[in-house]
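Quick notes on the structure that follows.
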Amino acid sequence: MAKFESSIKQVPYPQTAVYGMVSNLENIEKVRSRIPEDKMKDMTFTADEVTVTSPVGEVTLRIIEREEPKCVKFETAKSPVPMNMWIQLLPTGDDSCKMRVTIKADIPIFLKGMVSGPLNEAVEKIADALAMIPYE
């Protein structure tokens, strides 16, 4: 399994508020208009799933575990490559936290060179988009 991690993002909202939003994906849909369109293009949400068009095709991630208020884990329900993703949250104060997005993907060795770049970029874009959400 190949592992891709975003940089750590500082989020100016309490850990519990961020967790509340990312643990029910319909909440992200509610703030879609306040997020730059290039960060939300081709994304659809239900309470437990997000579907996005990526460089490797359409990918659907389903929440498989919630560890309040620290982590939300996903696995692919639809993807050209089997993978898991998790969003980790750690408090940095009463009204701020830090976030990291990690993807582990089961990439065949002959595809690794072709998809590693897009997956590195995707994990960073996901983290950037999540860091921009107003968690009020």
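Some observations on this one:
- Criterion: surrounded by fewer than 13 Cβ atoms within 10 Å (Cβ to Cβ) and either at pLDDT 85 or above or within 20 Å of LYS9 (Cα to Cα) (or both) - qualifying residue of GLU68, GLU49, GLU124: GLU68
- When residues in the range 71-101 are screened for being modelled with pLDDT under 95 and either hydroxyl-bearing (Ser, Thr, Tyr) or in contact with a helix residue (DSSP H, G or I) (Cβ under 6 Å, 6 or more places away or on another chain) (or both), 2 of them pass.
- Total residues in the range 66-116, condition touching a strand residue (DSSP E or B) at 6+ places or on another chain (Cβ under 6 Å), in contact (Cβ under 8 Å) with a residue 40 or more places away in the chain and of a type in the set (Val, Ile, Thr): 7
The values are calculated or read from the model by the stated rules, or taken from the named source; none is laboratory data. Here the structure is a predicted model, which means the values were calculated and not measured. Note: ideal-geometry Cβ built from the backbone for every residue, glycine included; neighbour counts use all protein chains shown.
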